[in-house]
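The values are calculated or read from the model by the stated rules, or taken from the named source; none is laboratory data. All values derive from a computational prediction rather than experimental measurement. Because the Cβ atoms are built from the backbone with ideal geometry, glycine has one as well, and the counts that use them run over all protein chains shown.
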Amino acid sequence: MNTSDKILELETYSYNDYKSWEGDWELIKGHPQAMSPSPNHQHQRYSAKFSRIVGNLLEEGECSDCNCEVLYEIDWIINENTIVKPDCMIVCGEVTTDFITFPPTLILKIASPSTRMKDRNTKFDLYEMCGVKYYIIADTQKKSVEVFELTDNKYKQTDTTTFVLTRDCSISLDVFNLWL
């Protein structure tokens, strides 16, 4: 191996390494990703409103027995070398640990200028590949929202406000107007 090959080699890490790190990190294909500083006010506001409304919807009506819940900033261990921490997500299934190991049904990502490219490329492809049914990207600067639904294993942009979480549970939520 020559010197230029060594320069191109990047050290990779695993979940065991990740567990010992301080601060907020994600690990994508063994490569550490530092999380941004604390979210801004608009980010917090949108996230809180989404979580509050979805939490209420899941506790009421047809979804009260569906075993779905809204979680935020919890580790999703995709595999030994990939761990992400979505802003908010809806998880349908039993969570018995301080992290999840199965795909959420819906992920809400509140984009910022520093994460926009990663959210639209790396995370988009990762969530699509893992089978996350809905991926929502909210942009605090533009006050815009894009909803992608997994159809035939590919994300298609949609303007839906009804999210089918399980066979027996769907919620209606106008994610496009949570800025108000």
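Just name the residue that is farthest from Phe99 (Cα to Cα) out of those in the stretch 1-44 that are touching a Ser or Thr at 6+ places or on another chain (Cβ under 8 Å) and at pLDDT below 85.
It comes out as Gln42.
In the set Glu128, Glu94, which member is of a type in the set (D, E, K, R) and within 21 Å of Glu59 (Cα to Cα)?
Answer to the check: Glu94.
Inspect all residues belonging to the stretch 55-70 and state whether any of them is of a type in the set (Gly, Ala, Ser), free of Cβ contacts under 8 Å to residues at least 24 places away in the same chain and not in a helix (DSSP H, G or I).
yes
Ile83: touching an Asp or Glu at 6+ places or on another chain (Cβ under 9 Å) and either free of Cβ contacts under 8 Å to residues at least 12 places away in the same chain or surrounded by 21 or more Cβ atoms within 10 Å (Cβ to Cβ) (or both), yes or no?
yes
In the stretch 92-115, which residue that is surrounded by 21 or more Cβ atoms within 10 Å (Cβ to Cβ) and farther than 19 Å from Thr162 by Cβ is modelled with the highest pLDDT?
Lys109
Would you please list the contacts, defined by Cβ atoms under 8 Å and residues six or more apart or on different chains, that run from a residue in the stretch 159-173 that is in contact (Cβ under 8 Å) with a residue 40 or more places away in the chain to a residue that is part of a loop (DSSP other than H, G, I, E, B) and surrounded by fewer than 12 Cβ atoms within 10 Å (Cβ to Cβ)?
Close Cβ pairs (under 8 Å, with a partner that is part of a loop (DSSP other than H, G, I, E, B) and surrounded by fewer than 12 Cβ atoms within 10 Å (Cβ to Cβ)) amount to Asp168/Asp65.
Please state which one of Glu69, Glu128 is acidic (Asp, Glu) and over 23 Å from Gly30 (Cα atoms).
Criteria check complete, one pass: Glu69.
Search the stretch 79-92 for residues being hydrophobic (A, V, I, L, M, F, W, C) and out of contact with any helix residue (DSSP H, G or I) (no Cβ under 6 Å at 6 or more places or on another chain), and hand back the single one that is farthest from Leu27 (Cα to Cα).
Cys92
May I ask you to list the residues in the stretch 107-143 that are under 13 Å from Lys154 (Cβ atoms) and in contact with an Asp or Glu (Cβ under 8 Å, 6 or more places away or on another chain)?
Selection gives Lys133, Tyr135.
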